[in-house]
Each structure stands twice: as C-alpha cells, then as structure tokens.
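Scroll down for the structure; my scribbles are underneath it.
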Amino acid sequence: MNSAPRAIVTRPAHDAAQWVRDLGAQGIAAQALPLIAIRTVAGPALVQALQQARAAAAGYRALMFVSGNAVTHFFEPNTAPALAGQALAAINTRAWAPGPGTVQALLAAGVPAARIDAPPPNSAQFDSEALWPVVAPQLRAGDRVLIVRGASAPAAPGGSGREWLAARLAEAGVQVDFVAAYERCAPVLDAPALELAREAAQDGSLWLLSSSEALAHLVQAMPGQDWQHARALATHPRIAQAARAAGFGHVHECRPALADVAASIKSLHAR
C-alpha cells in the first residue's frame, strides 16, 4: 500500500512541532507550516491591562482561557508553576477551558484539576458552545467572568475573537471583561515555506486546518493560488466553511483530538 499523504500542520510553531511528532508516532508523515505567529503582548497599554487582569483574578467567578496560548501567556511571569494553582485554589475562581489542549496547559501551569471546567472528552466539538452547558449552572446574576484571549493586529487590550460566549454570559446577567494575553499575527513565509505551500496545494497533501485565521493568512500570502485540487481536514464546521469559501476542492471535517485527526487521515487514505 502506498504511504499515506503528507499532512501539513498549520498550527503555531510550538504546537505544530508537537503535532508533527504525535502524528509521526501514529505512522503519519507530517510537516509543519505554521500559519499563525504568537508573541507576547508588547504595547504599554496591552501590558498594563494584562498586569491589572492578573492582579484582579480573585474578583472573578471564572477565568475563561480560549486556548493553551492564553494560559501560557497569562501565567508566564510566575516563576513557580504552582503559584497559579495555589492562587486559584485559595479563592473561588474557576478556570474554564474549551478543550483538552487548554486543560493540559492549565494543569501544566499548576491549576488544580478540581478548579477546571471543560466540555466532556467525548464532546462532538471543543468550543464555547460545548463549554456553556458545563459552566452555566455555576453562574449567578452579578458574577464577573474574565475572558483571556489573543489580539490580532492592530492589537487592543481586550483582544479579539468570537463573542458567542460573552453574549450568553451577558444574557445571564454576568459582567464580562476581556484581556489580551498574547498577540496573533501572520507569519512571514520564506521561499521554502511558500514552495511547500505551492506543492501541497497540488500534490494531494492533506492540510490540517484548526483556525480560520490561519487559513486567511495562507490565502493572503499566496494571492492567485488555485486551491481546487487542495485537500483539507478541518477541525470545526466554521473552519471547513472557510476552506470551501477559499476554494479548497476537497474539505473534510473531524474532531480536533489527536486520535480523531489521525483516524481521519488514515480513513481518507484508505478510500
């Protein structure tokens, strides 16, 4: 049997490297092509807002972290990993995570598992919609929730992203605050990266898409590229829709967990 098609991992560099290793352990050839660059907030206003949010953590019913990067950059100044966990264990503040990757980041930061709320491991999706039924019962009108997320250029202290969860919280009488813990930007694709992308658009490689923003960066970096022969595996219906809109000729969907991604790749190869 021919070898499985190459998988192109488009997550940020650190995450992509881990996925390449994990897929390789499953017998899948994978190559990293990070399409989102992650950096620590740098502007004075963003730094000040983040410092104030950290200092005010005890005043919130919950801190909602949109991703593992949000966790890493929110707790980054703590030289002792257990400090974050000790702080949350000493107060009533919960830590909310939309999926297992964010849960693992919270655990690595020292947050006690008993303080973490997340969708069940068998959820069809890992997103705000799956998180909401888990956390809604713990809320009361007048509570405050801080959403920790990233900021896209031009960066703002409150960051940017979907507002679905914030809308549900507001409807429940909860005050919602936002803070940007990191910045997202388009990576600079050098000549080898662009050549890889051009090859992968035509040679049957399977693009692993976990972010609509990453997909937008790819399209912007390659104006005029024909994607009708490109194959994509999207980890959320919204991302799949964006891939089809970008012109990808073959788009499939799967859950974002490693086991599901690996199984989907092998299943697509077997067809």
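Here are a few things to note about the model shown:
- The number of residues in the stretch 110-155 being charged (D, E, K, R), under 18 Å from the mean Cα position of the chain (by Cα) and not in a loop (DSSP other than H, G, I, E, B) comes to 3.
- Some residue of the stretch 21-32 being in contact with a strand residue (DSSP E or B) (Cβ under 6 Å, 6 or more places away or on another chain), part of a helix (DSSP H, G or I) and within 19 Å of residue 185 (Cβ to Cβ): no
- Just one of the numbered conditions (1) buried (at least 21 other Cβ atoms within 10 Å of the Cβ); (2) more than 30 Å from residue 232 (Cα to Cα); (3) at pLDDT below 95; (4) not small (Gly, Ala, Ser) is not true of residue 165: (2).
- Of all residues in the stretch 231-249 being closer than 12 Å to residue 125 by Cβ and of a type outside the set (S, T, N, Q), the one that is surrounded by the most Cβ atoms within 10 Å (Cβ to Cβ): 234
- Note on the stretch 248-260: residues that are outside any loop (DSSP other than H, G, I, E, B) and touching a residue at least 12 places away in the same chain (Cβ under 8 Å) total 5.
- Residue in the stretch 234-247 that is in a strand (DSSP E or B), within 15 Å of residue 23 (Cβ to Cβ), in contact with a helix residue (DSSP H, G or I) (Cβ under 9 Å, 6 or more places away or on another chain) and modelled with pLDDT of 90 or more present: no
- Single match in 162, 198 (criterion: out of contact with any Asp or Glu (no Cβ under 7 Å at 6 or more places or on another chain), assigned by TED's automatic domain parsing to the domain that holds residue 130 and either closer than 30 Å to residue 141 by Cα or without any contact (Cβ under 8 Å) to a residue 40 or more places away in the chain (or both)): 162
- Residues that are surrounded by 14 or more Cβ atoms within 10 Å (Cβ to Cβ), β-branched (Val, Ile, Thr) and touching a residue at least 24 places away in the same chain (Cβ under 8 Å) within the stretch 11-65 comprise 28, 36, 38, 41, listed in sequence order.
The values are calculated or read from the model by the stated rules, or taken from the named source; none is laboratory data. Quick caveat: nothing in here was measured; it's all calculated off a predicted structure. No Cβ is skipped: glycine too gets one built from the backbone with ideal geometry, and neighbour counts run over all protein chains shown.
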